[in-house]
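The values are calculated or read from the model by the stated rules, or taken from the named source; none is laboratory data. All values reported here derive from a predicted model rather than from experimental measurement. Note: ideal-geometry Cβ built from the backbone for every residue, glycine included; neighbour counts use all protein chains shown.
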Amino acid sequence: MLAIQHLHIEFGARVIFSDLSFAVLPKERIAFAGHNGAGKSTLMKCIAGILTPNSGKIVKPKYCDIGYLPQEGIHVKGISLWDEVEAAFAETRDLQRKIDELSENLHDLDPRSAPYSDLLHDIGDLELKLEAASPGTIKPKMESVLTGLGFKRSDFTRDCGEFSGGWQMRIALAKLLLVQPQVLLLDEPTNHLDIDSQKWMESYLVNYPGAILIISHDLALLDMLTTRTIAFHHGRAEEYAGNYSFYTKESVLRKEILVKQYKAQQREIKQAQDFIDRFRSKATKAKQVQSRIKQLEKVKIIEIEQDDAVMSFRFPDPLASGHSVATLENACKSYGEINIFNDFNLEITRGERIAIVGPNGAGKSTFCRLITGQETPDSGSHHFGHKAAASFFSQNHADELDPDLTVLECAEGSASRENAPLARNLLGCFLFRGDDVFKKVGVLSGGERSRVALVCMLLRPANFLILDEPTNHLDIQSQEVLQNALRDYPGSYLIVSHNRSFLDPIVDKTLEFRQGQPPRMFAGNITYYIEKLEQEKNAGKSQASAKPGKQESTGQAGGNRKEQRKLEAARRQQRTQVLKPLQDELQELELQISEYEAAQTSLSAHMSDPATAGDAEKMQEASSAYKAISEKLEAAITRWGEVSDAIEKAEAEL
């Protein structure tokens, strides 16, 4: 469907890609992996035709349409949401317009004439095309996608210019999904989506009819969706036949195998060099010495690239707060006729770690401003506990930075005296390295300014952190730095985020906001919260299907609870019995695949060696071995797919 051939991209003296080649098959789901700056977005822009490579080409058939969703920078105004999204069906609407125009022309022609017959034939062809496009499904498709992405029906007539940047990206995503190009390029599509919209989009993408190339720092999305990963590192690309978790494990195995090969090669080189040095002056060994010298000249040295330095950050121990950190009592808040909270009570205690979730516009940001004291409730009260010191990060803080200061000046100016020495290290953790710290804030992108604002916030001494979407512009390595720092943080924090893989290890409660409903606290992380919502949904379906008048007595309910516990225990045991062998086999297959791939690489190098290529017997032996390994690898990959499907099916059934 799509082929990238010998692509070379450079900016100034920096080479992004050199001789990059790979193919995209129909309906493939491919993840682009690598740290920020590795070239993932640059490659997407080249595939989309926005950037032109220095050399190489991108080959695609004429019928292949490519759709691209950038990270940011889209802003539409002067047109209603409905009309803007309906433009995705411009070709279908154009067919209808042409049919109407030609039908009008029929009235001016003699029905017995040849032009009339020709025009009738043309109308018939257009109507066949229109029928294939299913114009009757346009409206329900648009409603389904827009509501799935979180828009209310009352939004359909609003001007696009009234929507914020995050909602603008949702508009662009809706339009792109409705166009349904054969190749879909998505650069951080979940950055501005809440959990409900994420779940809807994941389901939509799983069933998407075309190929998908995706860049995302949402590991849960990548693991669920993708079946192939292309990792970019120092201008090179490596392919992995699996999702992101498979790539992380496999890359470690490949590195270990490469290190072993490197050490073995170094031993061989040393032995050859020792022989040369020892017998260089002996005439009887001159021929053998020359042979060893020629062999060494032909050796292709294995190079071990140094891993990127992994930086770490630890919050300086803040002053301990009292048991109660912040409290809202009978808090009410409204904006005009829109009621956000009514008699809301909440106490944040020392050491609590809470995720805040819910659809956009449900009150999450309002709650953050109330709990930090930036806004006061219309009625009720807010107060901080003894020695509570709050620090709040929101996306708006990025716009408040002084554009004339350098990145380093901005960070140092926000830090306390004790934390000032940490500024340079922390900026490095969040992708400002080397001379990047001397850039003026005014020349930074929106994402870069957000990272600077986050660093400034983290350098302020506080025992109560409120973070509003802190991971939106962080790569996976930076997310891990922040995640590890928060894991060891002794204070309390609230995090507004929908990044499950980031939140799950570091929160123990989830606070949900929904319009028209009181906020609810769940005693678990995001995965626990999603499971509870599914249980509620299933329970609602069961109640709806139950016949009226069949309510049970208290005694019967108690008996049913005991039976339910027994059934749940039996299900857990059954789940273990069914899944454990499959999971063990999957792990063994992944190890086999990595070993076969390493053996293939080694044999390829061996066959490329002139000493092997010049010896027919050795070449035949190596070719046979390579063929046997390839067959084993193909069988292992096939079985890996079967076992993965079996696990997915078993999990769904159990």
Starting from residues that are out of contact with any Phe, Trp or Tyr (no Cβ under 9 Å at 6 or more places or on another chain) and not β-branched (Val, Ile, Thr), keep the ones in region 21-34 and report whichever is farthest from residue 214 (Cα to Cα). 21
Restricting region 283-339 to residues that are touching a Ser or Thr at 6+ places or on another chain (Cβ under 9 Å) and among the charged types (D, E, K, R), the residue that is modelled with the lowest pLDDT: 300
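Specify which of the listed residues (202, 256) is part of a helix (DSSP H, G or I), among the charged types (D, E, K, R) and surrounded by 16 or more Cβ atoms within 10 Å (Cβ to Cβ).
On the way: 256 fails: surrounded by 16 or more Cβ atoms within 10 Å (Cβ to Cβ).
Checking each option against the conditions leaves just 202.
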When the residues of region 137-176 are narrowed to those that are surrounded by fewer than 16 Cβ atoms within 10 Å (Cβ to Cβ) and basic (Lys, Arg), which ends up nearest to residue 81 (Cα to Cα)? 158
Looking at residue 74 and the list (1) in contact with a helix residue (DSSP H, G or I) (Cβ under 6 Å, 6 or more places away or on another chain); (2) over 30 Å from residue 471 (Cα atoms), which single condition is not satisfied? (2)
Among the numbered conditions (1) in contact (Cβ under 8 Å) with a residue 40 or more places away in the chain; (2) under 20 Å from residue 361 (Cα atoms), tell me where residue 91 comes up short. (2)
Here the residues within region 168-212 that are basic (Lys, Arg) and at pLDDT 90 or above are 170, 175
For residues that are in contact with a strand residue (DSSP E or B) (Cβ under 7 Å, 6 or more places away or on another chain) and either free of Cβ contacts under 8 Å to residues at least 24 places away in the same chain or loosely packed, with under 13 Cβ neighbours inside 10 Å (or both), scanning just region 380-403, find the one that is nearest to residue 469 (Cα to Cα). 403
Of the residues in region 341-367, those that are touching a helix residue (DSSP H, G or I) at 6+ places or on another chain (Cβ under 8 Å) and under 24 Å from residue 200 (Cβ atoms) come to 355, 356, 357, 358, 359, 360
Positions within region 336-379 being more than 20 Å from residue 512 (Cβ to Cβ) and part of a strand (DSSP E or B), in sequence order: 379
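With 238, 250, 202 as the choices, which residue is acidic (Asp, Glu) and within 14 Å of the chain's Cα centre (by Cα)? Step through it out loud before you land on a result.
Working: 238 fails: within 14 Å of the chain's Cα centre (by Cα); 250 fails: within 14 Å of the chain's Cα centre (by Cα).
Criteria check complete, one pass: 202.
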Every residue in region 311-334 that is in a strand (DSSP E or B) and of a type outside the set (Ser, Thr, Tyr), please. 325, 326, 328, 329, 330, 331, 332, 333
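Yes or no, residue by residue, for (1) surrounded by 19 or more Cβ atoms within 10 Å (Cβ to Cβ); (2) part of a loop (DSSP other than H, G, I, E, B):
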site: 457; (1), (2): yes, no
site: 460; (1), (2): no, yes
site: 466; (1), (2): yes, no
site: 472; (1), (2): yes, yes
Please specify each residue of region 347-377 satisfying the condition of being under 27 Å from the mean Cα position of the chain (by Cα) and aliphatic (A, V, I, L, M). 354, 355, 356, 357, 362
Are any of the residues in region 511-528 surrounded by 23 or more Cβ atoms within 10 Å (Cβ to Cβ), modelled with pLDDT of 85 or more and either under 29 Å from residue 320 (Cβ atoms) or of a type in the set (D, E, K, R) (or both)? no
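Among residues belonging to region 18-46 that are closer than 15 Å to residue 236 by Cβ and free of Cβ contacts under 8 Å to residues at least 60 places away in the same chain, point out the one that is farthest from the chain's Cα centre (by Cα). Step through it out loud before you land on a result.
Of the residues in region 18-46, the ones closer than 15 Å to residue 236 by Cβ are 18-22, 32-35, 37-40, 42-43.
Within this subset, residues satisfying the condition of being free of Cβ contacts under 8 Å to residues at least 60 places away in the same chain are 19, 21, 42.
Values: 19: 26, 21: 23, 42: 17 Å.
Only one residue tops the list, namely 19.
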How about region 156-167: which of its residues are farther than 19 Å from residue 179 by Cα, touching a residue at least 12 places away in the same chain (Cβ under 8 Å) and not in a helix (DSSP H, G or I)? 157, 158, 159, 163
Within region 606-647, the residues that are among the hydrophobic types (A, V, I, L, M, F, W, C), modelled with pLDDT of 70 or more and out of contact with any helix residue (DSSP H, G or I) (no Cβ under 8 Å at 6 or more places or on another chain) are 628, 635
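Could you list, in sequence order, all residues of region 512-528 that are touching a helix residue (DSSP H, G or I) at 6+ places or on another chain (Cβ under 8 Å) and closer than 17 Å to residue 196 by Cα? First the steps, then the outcome.
Going residue by residue through region 512-528, those that are touching a helix residue (DSSP H, G or I) at 6+ places or on another chain (Cβ under 8 Å) are 512-513, 519, 522, 524-527.
The answer is 512, 513, 519, 522, 525, 526, 527.
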Pairs under 6 Å by beta carbon, first residue on the phi > 0 side of the Ramachandran plot in region 253-278, partner among the aliphatic types (A, V, I, L, M) and assigned to a helix (DSSP H, G or I), six or more apart or different chains? none
Between a first residue in region 452-473 that is on the phi > 0 side of the Ramachandran plot and a second residue that is among the hydroxyl-bearing types (Ser, Thr, Tyr) and surrounded by fewer than 24 Cβ atoms within 10 Å (Cβ to Cβ), which pairs have beta carbons less than 8 Å apart while being 6 or more apart in sequence or on different chains? 469/497
What are the residues in region 262-282 that are exposed (fewer than 11 other Cβ atoms within 10 Å of the Cβ), at pLDDT 85 or above and farther than 22 Å from residue 602 by Cβ, if any? 277
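On the given criteria, is residue 60 in contact with a helix residue (DSSP H, G or I) (Cβ under 6 Å, 6 or more places away or on another chain), of a type in the set (Lys, Arg), within 30 Å of residue 49 (Cα to Cα) and at pLDDT 80 or above? Talk me through it step by step, then tell me what you get.
On the way: in contact with a helix residue (DSSP H, G or I) (Cβ under 6 Å, 6 or more places away or on another chain): no; of a type in the set (Lys, Arg): yes; within 30 Å of residue 49 (Cα to Cα): yes; at pLDDT 80 or above: yes.
Considered against the rule, which asks whether it is in contact with a helix residue (DSSP H, G or I) (Cβ under 6 Å, 6 or more places away or on another chain), of a type in the set (Lys, Arg), within 30 Å of residue 49 (Cα to Cα) and at pLDDT 80 or above, residue 60 comes out as no.
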Taking interchain pairs and intrachain pairs at least six residues apart, which have beta carbon atoms under 8 angstrom, with the first residue in region 594-606 and more than 16 Å from residue 247 (Cα to Cα) and the second at pLDDT 80 or above and part of a helix (DSSP H, G or I)? 599/629; 600/629; 602/261; 603/625; 603/629
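May I ask you to verify whether residue 92 is among the hydroxyl-bearing types (Ser, Thr, Tyr) and surrounded by fewer than 15 Cβ atoms within 10 Å (Cβ to Cβ)?
Numbers: among the hydroxyl-bearing types (Ser, Thr, Tyr): yes; surrounded by fewer than 15 Cβ atoms within 10 Å (Cβ to Cβ): no.
Against the criterion (among the hydroxyl-bearing types (Ser, Thr, Tyr) and surrounded by fewer than 15 Cβ atoms within 10 Å (Cβ to Cβ)), residue 92 does not qualify.
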